[in-house]
Amino acid sequence: MSKKLNKDTISSRAGIETDKEHGSVVPPLYLSSNFAFKKFGKEQKYDYTRSANPTRDILASALTQLEGGSGGIITSSGMSAISLIASILEINDRVILPHDCYGGTFRLFSSLEEKGSLNTRFIDQSNLEELNANIQEYKPTLIWIETPSNPLLQSVDIKTICKQAKQVKALVAVDNTFLSPALQNPLKLGADIVIHSTTKYINGHSDVVGGAVIAKEKETFDKINFWANNLGLTGAPFDSYLTLRGLRTLSLRMKTHEKNATALAQVLSNNKKVKTVYYPGLEHHSSHEIAKKQQNGFGGMLSFELKGGLPAVEEFFKKVKCFSLAESLGGFESLVCHPYTMTHAPLTDKEKEVSGITQGLIRISAGLEDMDDLISGLKKGLD
């Protein structure tokens, strides 16, 4: 029996030496929208790129191996990956989601409920007793998990929630964008589906928009794959090529992201202008123990709340250096973001309050810059 490959090897060797025509080491980019039939009346793997493409398939295969699934689909964006999961549900199916989920996820599922397609409940999933009571009473078709959550980095117990879900035969889908396959593998903890915005850490260079869905069981994959083709949600070959290139250095990058995030969290924890720091790597964070148990690291994302609310935030953004004010995350460059007015703007004021998203909250995506330069730049914002 052959030895199972390490994640770093899977990422580095994906598609290597698969070109049988010319023997190129790096897999070529197949931009063609269509493929010539070798013989009339005989089916073949590739005919039209919306349905299947060799470049996209190499990326899908690599992510499937990294997550431990049976099949993966590369989509045109993270939101198209989320939409794809919604598309496999039936009219009036019930979905349980985290109360502090990503703003785009909240907007999509809330809109689907408003038009009568689905029924939803947004629940604090860190309260396992309350969650289980809702699962037993509501009997959802799908339970949606984001862990760590965006932007408060709240981790929830995937394995326990999956056990609760199985009691009512609910599917469990986990958005693994914040950690990537390098630091967390939800399928191995009992989940049925993993979703990624490959725009973020997997690509890692802030120059591609994409997504991915990986299914544990072939039956689930076949259903999702049918709808990906049916709705035209699959990703472009060139985007897949760039994302595959980024994937090769994923583990290396994640180590530096985490090292920088840890250092920044420690600096913020000791600053008198900071009210709260949200980073699971800090021992006092409410999710520290869960994160230690189910993750292979704490990641490169953190958030903090400034004393003084919005005026303090505005002053910080004026003075901070080495950080760009922008949405998105997971790239080589460090970013700061104001969730209240940016990523979570679709939520009402009341929904933001319930989710813990205040006007003083700032989210950081720690990049790959020199640690001392980042610390210096952060301190300038806090002067």
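The values are calculated or read from the model by the stated rules, or taken from the named source; none is laboratory data. From a predicted model like this one, the values you see are computed outputs, not experimental measurements. Note: ideal-geometry Cβ built from the backbone for every residue, glycine included; neighbour counts use all protein chains shown.
Only one of these is β-branched (Val, Ile, Thr), in contact (Cβ under 8 Å) with a residue 40 or more places away in the chain and touching a helix residue (DSSP H, G or I) at 6+ places or on another chain (Cβ under 9 Å): VAL174, VAL156. Name it.
VAL156
Determine which member of the set SER87, SER70, SER12 is modelled with pLDDT under 95, out of contact with any Cys (no Cβ under 8 Å at 6 or more places or on another chain) and either among the aromatic types (Phe, Trp, Tyr) or under 20 Å from THR198 (Cβ atoms) (or both).
SER12
For ALA291, state whether it is in contact with a Phe, Trp or Tyr (Cβ under 8 Å, 6 or more places away or on another chain) and of a type in the set (A, V, I, L, M).
Taking the combined requirement at face value, the residue satisfies it.
Yes/no per residue for (1) among the β-branched types (Val, Ile, Thr); (2) in a helix (DSSP H, G or I); (3) touching a strand residue (DSSP E or B) at 6+ places or on another chain (Cβ under 9 Å):
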site	(1), (2), (3)
PHE298	no, no, no
LYS318	no, yes, no
CYS322	no, no, no
GLU333	no, no, yes
LYS350	no, yes, no
ARG363	no, no, yes
GLU369	no, no, no
ILE375	yes, yes, no
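Here is a check on your reading of the model: is ALA191 within 15 Å of VAL156 (Cβ to Cβ), in a loop (DSSP other than H, G, I, E, B), touching a helix residue (DSSP H, G or I) at 6+ places or on another chain (Cβ under 7 Å) and not hydroxyl-bearing (Ser, Thr, Tyr)?
Here the answer is yes, as ALA191 does meet what is asked.
For every residue, the table says whether it meets (1) touching a residue at least 60 places away in the same chain (Cβ under 8 Å); (2) touching an Asp or Glu at 6+ places or on another chain (Cβ under 8 Å); (3) not polar (S, T, N, Q).
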position: ILE135; (1), (2), (3): no, no, yes
position: LYS139; (1), (2), (3): no, no, yes
position: ILE143; (1), (2), (3): no, no, yes
position: GLU146; (1), (2), (3): no, yes, yes
position: ILE161; (1), (2), (3): no, no, yes
position: LEU189; (1), (2), (3): yes, no, yes
position: VAL194; (1), (2), (3): yes, yes, yes
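Could you list all residues from the range 100-123 that are assigned to a loop (DSSP other than H, G, I, E, B) and surrounded by fewer than 19 Cβ atoms within 10 Å (Cβ to Cβ)?
LYS115, GLY116, SER117
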